[in-house]
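Chemist: Attaching a single structure in structure tokens format; questions to follow.
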Amino acid sequence: MNKRKDIFEKVKHMCKETPELKVNCSRLARQMNCDRRTISKYIELAKNGIKAEPKQFPKKTDGFEKLIAEKVKTGAPAIAIYDYLKKHHGFTGSYSTIKSYIHNLNAEKQTEATIRFETSPGIQAQVDWKESMRFRTKYDETIKFNIFLLILGFSRTRFLMVTESRDLKQVEFCLACAFHYIGGVPHEILFDNMRSIIDKSRTQYSEPVFNEEFKNFAEECGFVPKACVAYRPETKGKVEVTAKLMNRLKVYSGDIENFEDIKRIVSDLNQEINSSVCQATGQIPFDMLRLEQPLLIDTNLSALNGFFIDSVSRKVSSDSMISYEGRKYSVPPDYIGKRVDITDTGSGFDITFNNHFVKHWEKRERVMNFDENDYLEIARRSSLKMLDDDEIVSIAERNLEIYDKL
């Protein structure tokens, strides 16, 4: 029955004030512009103390609730969800219906209490990346980098590390450094669905598949790798909060000179965070770490030294360059499209391919760095190859002089 609140309240008031009075249903119906039977029904409801409930009409979204909720979790916009339902599931409603439903759904979620999952000491750590950050140097150059994040669930101790890549070797290297930093290995580590370590992501309906090499690494270290469900960042909320802290670094963009400055700034921030009171626990992470360390896995950390060889891999770009510490260096064009290994020697680095030495570079401040022999060979294989060798050499020397002034 449709609810006419004005009619119900008037009838209710009349019945309450003069319970013996007989209501003239026809006259009252004319006054209220409704059917006399409506008046009779409301009189009956009022006398029996029953509230008038609104009539429930079927909705266009009935039967689609679960499907809509699943698609909302993917981050898809309302228009995309509407098109999907209309094309593949026979939805007959309008776009505004879906838009309104999703708006109300999100409003309900915002009012729901978030359950805080706490872990016992030594049990769990969470890992993620702050990806593709870009800083400008004092010389108006751009340096691109990532930050590896690990946080212990109990003490909230964080480990931050600046990297250029996010490949498997880099993940293993960062984890080994983190274990040395916190003084042990947590029993389990929760990862986002990183492509570098997971062949098949975890979903609501399936378990993740970690690649074999990473599973061997985890077994050697002693921890159990776990993955959060895709599109559910709340399952790794502690590290997500840490990622937001990284926005504090943006103030330094424009003030740095090189990649080493970024490493130093992040290291200082790491020390500051772990030495300050954590809002979630009200305690200083380093103080809580003393309680947590005895319960971490007492792995022989020296056995992980093999992962501390400062060697990373890079794919040689189509212009025969590799990127290292925010700078680009040339290699012979024979290696274009191949992955080479870079071993840091302090002031410089060695480049090898399949354990065969390619060349050595001393670190430089310039963004673009060409070896003369590499550049000549690159030019000979470019659109300049139709020119005489003397002309190619002349053009190459002129271009290299320009690069030296940049």
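Quick grid of which residues meet (1) closer than 29 Å to N211 by Cβ; (2) modelled with pLDDT of 90 or more; (3) assigned to a loop (DSSP other than H, G, I, E, B); (4) of a type in the set (F, W, Y):
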site: T114; (1), (2), (3), (4): no, no, yes, no
site: P121; (1), (2), (3), (4): no, no, yes, no
site: F135; (1), (2), (3), (4): no, no, no, yes
site: Y139; (1), (2), (3), (4): no, no, yes, yes
site: I143; (1), (2), (3), (4): no, no, no, no
site: S155; (1), (2), (3), (4): no, yes, yes, no
site: K169; (1), (2), (3), (4): yes, no, no, no
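Chemist: Moving on. In the stretch 217-244, which residues are touching a Leu at 6+ places or on another chain (Cβ under 9 Å), modelled with pLDDT of 70 or more and within 20 Å of S155 (Cβ to Cβ)?
Modeler: C221, F223, K226
Chemist: Continuing with the same structure: Residue by residue through the stretch 276-287, note down the ones that are farther than 16 Å from L150 by Cα and part of a helix (DSSP H, G or I). Steps first, answer last, please.
Modeler: Pass one, the stretch 276-287, residues farther than 16 Å from L150 by Cα: 276-277, 279-284, 287.
Within the stretch 276-287, D287 is the sole residue that qualifies.
Chemist: How many residues are modelled with pLDDT of 75 or more, crowded, with 18+ Cβ neighbours inside 10 Å and either in a loop (DSSP other than H, G, I, E, B) or of a type in the set (K, R) (or both) when one looks only at the stretch 195-216?
Modeler: First, pick out the residues of the stretch 195-216 that are modelled with pLDDT of 75 or more: 195-198, 209-216.
Subset that is crowded, with 18+ Cβ neighbours inside 10 Å: 197-198, 210, 214.
When the remaining residues are screened for being either in a loop (DSSP other than H, G, I, E, B) or of a type in the set (K, R) (or both), the result is 197.
Here the count works out to 1.
Chemist: Can you pull out the residues in the stretch 55-94 that are of a type in the set (V, I, T) and in a loop (DSSP other than H, G, I, E, B)? Step through it out loud before you land on a result.
Modeler: Filtering the stretch 55-94 for residues of a type in the set (V, I, T) gives 61, 68, 72, 74, 79, 81, 92.
Answer for the stretch 55-94, where residues must be of a type in the set (V, I, T) and in a loop (DSSP other than H, G, I, E, B): T61, T74, T92.
Chemist: So G337 fits all but one of (1) in contact (Cβ under 8 Å) with a residue 24 or more places away in the chain; (2) surrounded by fewer than 20 Cβ atoms within 10 Å (Cβ to Cβ); (3) over 27 Å from the mean Cα position of the chain (by Cα); what number is the exception?
Modeler: The failed condition is (1).
Matching residues to (1) assigned to a helix (DSSP H, G or I); (2) at pLDDT 85 or above:
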position: T299; (1), (2): no, no
position: N305; (1), (2): yes, no
position: S313; (1), (2): no, no
position: Y329; (1), (2): no, yes
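Chemist: Return the residues of the stretch 342-369 that are surrounded by 18 or more Cβ atoms within 10 Å (Cβ to Cβ) and at pLDDT below 80; say none if nothing qualifies.
Modeler: none
The values are calculated or read from the model by the stated rules, or taken from the named source; none is laboratory data. Here the structure is a predicted model, which means the values were calculated and not measured. Backbone-built Cβ (ideal geometry, glycine too); neighbour counts: all protein chains shown.
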